[in-house]
Structure formats: C-alpha cells, structure tokens
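J.: Sharing a structure with you now.
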Amino acid sequence: MEKSLTQRILITILGWGVALLLFFPIFWMVLTSFKTEAGAIATPPQLIFSPTWSSYVEVQERANYLRFALNSVIISVGGSVLALAFAIPAAYSMAFHPTPRTRGTLLWMLSTKMLPPVGVLVPIYLLFRNLGLLDTQFGLIIIYALMNLPIVVWMLFTFYKEVPLEILEAGRMDGARTWSEVWFLLLPLTLPGVASTGLLSLILCWNEAFWSLNLTSSAAAPLTTFIASFSSPEGLFFAKLSAASTVAVAPILIFGWLSQRQLVRGLTFGAVK
Amino acid sequence: MAVLLLWMIVPLVMTVWFSFQRYNLLDPSADAFAGIDNYVFLVTDPDFWVSLTNTLILLASVLAITVGLGTLLAVLFDQDFPGRGIARVLAISPFFVMPTVAALIWKNLMMHPIYGVFGAIARAFGLEPVDWFAEYPMASVIAIVSWEWLPFALLILLTAVQSLDHEQREAARMDGAGVFAQFFFITLPHLSRAISVVIMIETIFLLTVFAEIFVTTSGGPGNATTNLAFLIYARALLQFDVGGASAGGVVAILLANIVAFFLVRSIARRLEV
C-alpha cells in the first residue's frame, strides 16, 4: 500500500511516541538511579545532572547483590528445567496417547493456575517447615516448577500436536523405544517450542514475588526479596531504590530483549500462523 | 504422575481441612472443629464481598485496556516506519519488569504527589498534583497492572497481525473498504484466536494479582483495593487466622474454577485444544 508522506511521518511519530511512553518509567528509573538522593527528589525533576555511582555503591554495601542475583539465576533455571523435565513426558503422553479424558485433564490443570497462591500458602508453609525446606534454594525450585507446570505442559502439548504422527510411527517401525522416540525424534523436532517454553518459564520464575517473599528470608532469597528489603524502610530514598530496582531488572530485561523473537513463537502456541 | 498429583492434592486437602477448623496461630489452645463457622464468618464479612468485586473489576478493566489498546498498537507497529525494531523492543520492555519493581517505580517515581513525574507535569500546567493512590486507588492499580500486561498483548497480537494476508486487505481496499471497514471486517476476525490466547493467559495471572497491591496500597485505603488474594494474605499472615484464610482460599479456588469454566467453554473451542 502506498502511503502519502504525511501519513508516514504521522505513523513514525505515533509509533515512537507510544514506544517511548511505555518505556518511560523504566528510563526514569535508570535515570534516577544515577542521581544523588537530593537530586532525585528535587522539584521540578532534574533532567540534566552530573551522574553518580554512589547509590549503586551504597546498595551493594547494604546487601550483597551478587548473592541475591545468583540465587535468582539458580532458582529460575532450576525451576524451569525441573518443570520441563516433568512436562515433556506428560505432554508427550497427552499428545500422542490421548484418552477421552485428556482434554479435560489439560483444562483442569490450567484452571489450577488461576487460583491465588495464597489459597494454599498456609499448608505449603507448614509442609515446608516440617520438611526443612524453608529458605532453601531447592524448596523454591520445587515451588516454581510446580507453579509453572500447567502452562509449560499446555505449551508443549500444542507444539507436540503439530508433529505429524507419521514421523513417530516411522521411528517406531525402525525399532525406536518410547524413550529414544522422545529424545531423538520429538525433542529435536520441537526444540524451538521447548526453548521458548523454557524462556517464558524463566521470566515468570525470575519475577515471581509471592512465594519467594513468604518462603525465604536470607540464605536462598532471590532478587525479588532483595527489592522488597529496599521498599519499605527505604521508601523515600528514591535514588537507592532506583539503583536496586535497576540491577534487579537489568539481567532479565536484557535477556528478554535478546530472546523476544523466540519468546513470541512460544507464546502464541502456534495459534497464529 | 502420582507424585505430581500428590503435590497438587495435598495442599488442597489441607486447605479444605483447615477451612473447617478454628485455627489461629496466636491462640493454639482454641483449635477445634468449627464446622462452617469460617464460611459463615466470611460471607457475612463485608470485606469479603468488596474484595470479590475488586478482583473482578481489576480483571475486567485490565483485560479491556490491554486487549483494546494492544490491538490498536499491534496495527500501528505493523506499519513500516524508521526504527520500528527498536521502538518495538522499547514498547514490550515493561513485560520483563518484575511486578514488585513496576509497582515501586510507579508508586514513588511516577505517581508520588510531591516528587513524582505526574505531579511535576501537573504543576507545570499550573494544576494541583493528584495523590493517585489516595484519591483513585483502584484506577492506579489498574494502570500499573495494565502497563505490565499491555506489552504482552501487543507482542502476541502483533505476531498475529503480521501473519495477516496483505493481499486480502488489498483486495478489500480495491472493493472500496475504508480503513475502519478493513480493520473491523478483516483484521479483527483474523485476530480472534490471538485475542483468545491473550485473554486466557492474562486471566490466569490477573486473578492472582498480589505484588502490585502489596507494594502500593496494601489493599487500602480502607479496603478499596483489597482483592481476594490480598484478603487471604491479610487473614493468614497479618491476623494469623488460618481457618478463616483457608476458607477464603477455598472460595478463591471456587471462583477460579467458575471463571475457568466460562473461559474454557468460550475460548478452548477456538484454540482447538
């Protein structure tokens, strides 16, 4: 479609305007993190100032950022891998050996995701206390894996559905056992789907705040807890708060930028082709 | 699978069990079977009904905003303009920001009546700055949650728009269809599956919004922004009323299943699960 010059200029302005508007809070957070405390609460807000690292230094002195970040990485990756390990066989059996109840089971699993986690907080807390899992990385990994399992199973299921049955049957003819069927045929075929499922799970784990706040205190605490420790007492120290927020968000934000194409493919469940 | 089922069922059963008990962590001597007292107490508690309404208001508003705006933005970002790739990445960034951080940024850097950007803008126009969380608490929470989920809707819908057959639209244009007719009769029907996906996934997460409310308003002022998830949290961990909290949890589970039921009826068909 040919467009007139004014139309194209208008679209450009509109597109960039929307993008900048949506991004503005993040931009402002990063900007504020480089201000002094006095500068951060100056009215009217400063746009031009001499940047300083002091907030970052102070944040690092008060709380060991790297330890929290490492916890976040271990727990997110662990939870996602565990979820995939459970979900791949489950989705496999649902997709290729369906029973009349498969559809119902799948939807029921998904509906469990809609109940607020607080509903089961007390039982889980008591279970964890009795099993000695409170404030451990392993405990959170289990929780996160279970938390994302319904979505992960569902996404994998839709990817598996697209694999033509003939390929698997050909494999079976050649003597492939169920295990090698999954490992050598299915996994390579659906690798993009598995990857994007893992990506989404990773992002959800990283940003999860409810379980991590309630089940960890220090030893296994991820970045969400790190942020929470800056929120209440430090509510009015805007620069420090911004610095802490920036370092907590930066890894996953950059990760998200790099993987967005892959992510979209998974999120749309092959529903939009 | 058995282990998995156990993991899902045990906390559920415990919740149901506790919901029939008089069980307060502050008063261990009072443990007793309470029958349906907890439920009677719950449904006669005005807070409960308010929180139920709030949960649904939040769900409906955010869905309307994100799907509505998301569709328009998807069409916008489908147009070619200089720097579209970068603009798109900026626009989807909020999705990767953890809810805790998003809430903190909005509360302190954006909506703060004295130091926030909105306040500064208002003053620049000679207006009185608005204390958003005090005067429009629910609208503020909706705004924050929408900010987080709009990029998600945009991402999914954009992929769908891009898969639209351009020749089809061209043909419609030849036949004299205006921009609006093209949008309503070609683009929108084409997007219906993608919209279903967005609604489905967002509903899963919106029913359990917690961090945003916890950080910004703590359910207040009064109970203006208390949703079901927050109400149960307050019962269990602030008042230590395990029985009452569990009853709330059971109600939340029921609500989730009711919503899931309708959602699944209307949407799953289109997804061809």
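J.: Between A:ILE13 and B:ASP47, what is the FRET efficiency for a Förster distance of 45 Å, r being their Cβ-Cβ separation, to the nearest 0.05?
T.: 0.45
J.: Still on this structure, I have one more. Name the residues whose placed amide hydrogens come within less than 5 Å of the amide hydrogen of B:TYR136, ignoring near sequence neighbours (fewer than 5 apart) on the same chain.
T.: Under 5 Å from the amide H of B:TYR136 lies no amide H from a residue far enough along the sequence or on another chain.
J.: Rounded to whole Hz and in sequence order, give me ³J(HN,Hα) for the range B:190-199 from the Karplus expression 6.51 cos²θ - 1.76 cosθ + 1.60, θ = phi - 60°, writing x for Gly and Pro.
T.: Computed from phi, the couplings for the range B:190-199 are 5, 7, 4, 5, 4, 4, 4, 4, 4, 4 Hz.
J.: Here is a further query. Pulled fully out, how much extra length does the chain show between B:VAL179 and B:ASN257, if you take 0.36 nm times their separation in residues and subtract their Cα-Cα distance? Walk me through the intermediate numbers first.
T.: Numbers: separation 78, 0.36 × 78 = 28.08 nm, distance 4.03 nm.
Here the segment from B:VAL179 to B:ASN257 would lengthen by 24.1 nm.
J.: Please list the non-local residues whose amide H lies under 5 Å from the amide H of A:THR136, H modeled 1.01 Å from N, same-chain partners needing a gap of 5 or more.
T.: Here the answer is none, since no amide H 5 or more places off falls under 5 Å of that of A:THR136.
J.: For the range A:55-267, with the dipole built from +1 on Lys and Arg beta-carbon atoms and -1 on Asp and Glu ones, taken about the Cα centre, which of A:TYR92, A:PHE226, A:TYR144 lies farthest toward the positive end?
T.: With unit charges placed on the Cβ atoms, the residue in question is A:TYR92.
J.: Using R₀ = 56 Å, calculate the FRET efficiency as 1/(1 + (r/R₀)^6) where r is the Cβ-Cβ separation of A:THR178 and B:ARG123; round to 0.05.
T.: About 0.25, to the nearest 0.05.
J.: Rank these by accessible area, largest first, 1.4 Å probe: B:TRP132, A:TRP53.
T.: Greatest to least solvent exposure: A:TRP53, B:TRP132.
J.: Moving to a separate point now. Interface A/B, total buried accessible area with a 1.4 Å probe, nearest 100 Å²? Walk me through the numbers on the way to the answer.
T.: On the way: alone 16240 and 15440 Å², together 23940 Å².
Roughly 7700 Å².
J.: Which of rounded, prolate or oblate describes the range A:55-267 when judged by the alpha-carbon gyration tensor and an a/c cut-off of 1.5?
T.: Prolate, because a/c is 1.5 or more and a/b exceeds b/c.
J.: Once the Cα gyration tensor of the range A:149-212 is found, what semi-axes does its equivalent ellipsoid get, as square roots of 5 times the eigenvalues, in whole Å, sorted largest first?
T.: Details: eigenvalues 182, 22, 16 Å².
Three semi-axes, in Å: 30, 11, 9.
J.: Determine how large the accessible area of B:GLU135 is when every protein chain is in place; take a 1.4 Å probe and give Å² rounded to the nearest 10.
T.: Taking all protein chains as shown, B:GLU135 has close to 110 Å².
J.: HN-Hα J couplings of the range A:208-224 from phi, Karplus 6.51/-1.76/1.60, θ = phi - 60°, integer Hz, Gly and Pro as x?
T.: For the range A:208-224, the Karplus-derived couplings read 5, 10, 6, 5, 5, 5, 8, 10, 10, 10, 9, 4, 10, 5, x, 5, 5 Hz, x marking Gly and Pro.
The values are calculated or read from the model by the stated rules, or taken from the named source; none is laboratory data. Note that the structure is predicted; figures quoted are calculated from it, not measured. Virtual Cβ from ideal backbone geometry, glycine too; neighbours counted across all protein chains shown. The protein model used for the area step is the full one, side chains on, heavy atoms only, and it has no ligands, DNA or RNA in it. Shrake-Rupley method; radii C 1.70, N 1.55, O 1.52, S 1.80 Å.
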